[in-house]
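**Student:** What follows is a single structure, and I will ask about it in a moment.
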Amino acid sequence: MPDPSPRLETAGDAHAEPAGVVLVAHGGKSRSTAPARRGLAHLRMLPFAHAVERGGRGHRTDLGSGVAVHMVRYRFKGWNGPAMDAYQDVRWAVGELARRYPGRPVVLVGHSMGGRAVLRAAGAPGVVAVCGLAPWLEGADPVDQLAGRAVLIAHGDRERMTDPAASYAYALRARAVTDRVARFDVLGDGHAMLRRAGDWTSLVRRFALGEIGAEPRDPVITNAMAEPAPAGLRVALEGAHR
């Protein structure tokens, strides 16, 4: 029998006393109780995790140095309706990170099903920001937990798996509870985030490290957050990643 417990895996260098923490959650299926494994969905998020960890190595505060980046290993491949298994696993992971690294700011990053899970888990103590990449969202997904958090959503315009209109509607509702919401349209790319992989990765790195304080907040993201809807929620992501 496989281990039924979720797990945390370290991405890049380990940081026993980090200045900040990032949790990365990959995608999955609508329904499946098959054990989660290191498949393509997991592998797709590794570049994001490693880019953030590398970019934060020089960050130092009174709390510690570097940015500890972890990926959550789900119990099951699926969300599974009311069970919300991926959310339950992410919620556990955020609590575990708070136990390991007390007092550190935490940023959550998730793709597809993982995007839905991290957005729902963003109300946990210590979470300062959350990023959903091509998130799978529905009209009933709550937003109250986003109060006081920075929120970044990005969606490709060639999406075939999740609904960009739903992520726009979600971002619009989120602006009622927090004034720091931005949403980007990644033109020319779809759910796998492969055609413009560098631009997706750069956006996440800049957001996560800016919110942790490892580098100045990115002006493009900051400007998008300051723009009224719909402008700040339909920002075309520029190419030539930095």
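**Student:** Residues that are hydrophobic (A, V, I, L, M, F, W, C), touching a residue at least 24 places away in the same chain (Cβ under 8 Å) and farther than 19 Å from Met113 by Cβ: does the range 45-62 have at least one? Give the derivation first.
**Tutor:** Quick first cut of the range 45-62, residues hydrophobic (A, V, I, L, M, F, W, C) only: 45-46, 48-49, 51-52.
Retained after the next criterion (residues that are touching a residue at least 24 places away in the same chain (Cβ under 8 Å)): 45-46, 48-49, 51-52.
Pick out the ones that are also farther than 19 Å from Met113 by Cβ and you get 51-52.
So far as the range 45-62 goes, yes, one or more of its residues are hydrophobic (A, V, I, L, M, F, W, C), touching a residue at least 24 places away in the same chain (Cβ under 8 Å) and farther than 19 Å from Met113 by Cβ.
**Student:** Further question: Under 6 Å between Cβ atoms, at least 6 apart or on separate chains: pull out the pairs that start in the range 142-159 with a residue that is among the basic types (Lys, Arg) and end on any residue that is assigned to a strand (DSSP E or B) and at pLDDT 95 or above.
**Tutor:** Between residues of the range 142-159 that are among the basic types (Lys, Arg) and residues that are assigned to a strand (DSSP E or B) and at pLDDT 95 or above, the close pairs are Arg149/Ala129; Arg149/Val130.
**Student:** Output the number of the condition that Ala224 fails; it satisfies all remaining conditions of (1) within 22 Å of Ala25 (Cα to Cα); (2) in contact with a helix residue (DSSP H, G or I) (Cβ under 6 Å, 6 or more places away or on another chain).
**Tutor:** Condition (1) is where Ala224 drops out.
Yes or no, residue by residue, for (1) aliphatic (A, V, I, L, M); (2) surrounded by fewer than 17 Cβ atoms within 10 Å (Cβ to Cβ); (3) at pLDDT below 95; (4) part of a helix (DSSP H, G or I):
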| residue | (1), (2), (3), (4) |
| --- | --- |
| Val109 | yes, no, no, no |
| Arg116 | no, no, no, yes |
| Gly123 | no, no, no, no |
| Leu137 | yes, no, no, no |
| Ala154 | yes, no, no, no |
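**Student:** Considering (1) within 16 Å of Val130 (Cβ to Cβ); (2) part of a loop (DSSP other than H, G, I, E, B), say which one Leu23 fails and leave the rest.
**Tutor:** The single condition Leu23 does not satisfy is (2).
**Student:** Would you pick out the residues in the range 3-20 that are assigned to a loop (DSSP other than H, G, I, E, B), of a type in the set (A, V, I, L, M, F, W, C) and surrounded by 12 or more Cβ atoms within 10 Å (Cβ to Cβ)?
**Tutor:** Taking the range 3-20 first, the residues assigned to a loop (DSSP other than H, G, I, E, B) are 3-6, 12-19.
Checking the rest, the ones that are also of a type in the set (A, V, I, L, M, F, W, C) come to 14, 16, 19.
Hits for the range 3-20 are Ala14, Ala19.
**Student:** Report, by residue number, each residue of the range 210-219 that is without any contact (Cβ under 8 Å) to a residue 40 or more places away in the chain and under 18 Å from the mean Cα position of the chain (by Cα).
**Tutor:** Kept after step one, since they are without any contact (Cβ under 8 Å) to a residue 40 or more places away in the chain, are these residues of the range 210-219: 210, 216-219.
The answer is Gly210, Arg217, Asp218.
**Student:** Still on this structure, I have one more. Does the range 172-188 hold any residues that are assigned to a helix (DSSP H, G or I) and over 17 Å from Gly123 (Cβ atoms), and which are they? Show your work before the answer.
**Tutor:** Initial filter on the range 172-188 (assigned to a helix (DSSP H, G or I)): 172-174.
Across the range 172-188, the qualifying residue is only Leu172.
**Student:** While we're on this one: Filter the range 60-104 down to the residues that are out of contact with any Pro (no Cβ under 8 Å at 6 or more places or on another chain), surrounded by fewer than 21 Cβ atoms within 10 Å (Cβ to Cβ) and not in a helix (DSSP H, G or I) and list them by number.
**Tutor:** Correct list: Arg60, Thr61, Asp62, Gly78, Asn80, Met84, Pro102, Gly103.
**Student:** Output the number of residues of the range 26-59 satisfying the condition of being over 16 Å from the mean Cα position of the chain (by Cα) and part of a helix (DSSP H, G or I).
**Tutor:** Initial filter on the range 26-59 (over 16 Å from the mean Cα position of the chain (by Cα)): 29-40, 54-59.
Those left that are additionally part of a helix (DSSP H, G or I): 40, 54-55.
Final tally of qualifying residues: 3.
The values are calculated or read from the model by the stated rules, or taken from the named source; none is laboratory data. None of these values were measured; they are calculated from a predicted model. For neighbour counting, all protein chains shown are included, and Cβ atoms are generated from backbone atoms with ideal geometry for every residue, glycine included.
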